[in-house]
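The values are calculated or read from the model by the stated rules, or taken from the named source; none is laboratory data. Small disclaimer: the values here were computed from a predicted structure and weren't measured. FYI the Cβ positions are ideal-geometry reconstructions off the backbone, even for glycines, and counts take in every protein chain you see.
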Amino acid sequence: LSDGSGMTVTIAKYLTPSGRDIHKHGIDPDVRAKLSSDEAQKLRLEDLGTKKDSQYRVAETTLLKQVRGAGTVSKAKTFDPASANLPAALPR
């Protein structure tokens, strides 16, 4: 702007593979990892994403089971920029 200040306008959208906009709604988890109030009080910032974080351990265990059980990862289930859902993301 003329006074040297600036303005940022966000135009990005976060969409599910089906094209649903998750803004202000989020995504319901497939696996819930509850955190008791006692665990939450004891958890320190530096513990997040470590073995001391019980929710992290649940996520890690779940992912390892899925990867080991799958044998190979299907290309259809991985991100492929060439098949990204652009029609849903672009204005109509």
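The rows are residues; the columns are (1) under 14 Å from the mean Cα position of the chain (by Cα); (2) within 27 Å of residue 64 (Cα to Cα); (3) aromatic (Phe, Trp, Tyr); (4) assigned to a helix (DSSP H, G or I).
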| position | (1), (2), (3), (4) |
| --- | --- |
| 13 | yes, no, no, no |
| 19 | no, no, no, no |
| 23 | yes, no, no, no |
| 27 | yes, yes, no, no |
| 30 | yes, yes, no, no |
| 35 | no, yes, no, no |
| 41 | no, no, no, yes |
| 52 | no, yes, no, no |
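Looking at region 54-74, which of the residues that are more than 19 Å from the chain's Cα centre (by Cα) and in a helix (DSSP H, G or I) is modelled with the lowest pLDDT?
Step by step, filter region 54-74, then rank; the result is 70.
Among the residues of region 4-41, what is the count of those that are among the basic types (Lys, Arg) and surrounded by 10 or more Cβ atoms within 10 Å (Cβ to Cβ)? Quick ask: steps written out before the conclusion?
At the first step, the residues of region 4-41 found to be among the basic types (Lys, Arg) are 13, 20, 24, 32, 34.
Narrowing the set further to residues that are surrounded by 10 or more Cβ atoms within 10 Å (Cβ to Cβ) leaves 13, 20.
Number satisfying all stated conditions: 2.
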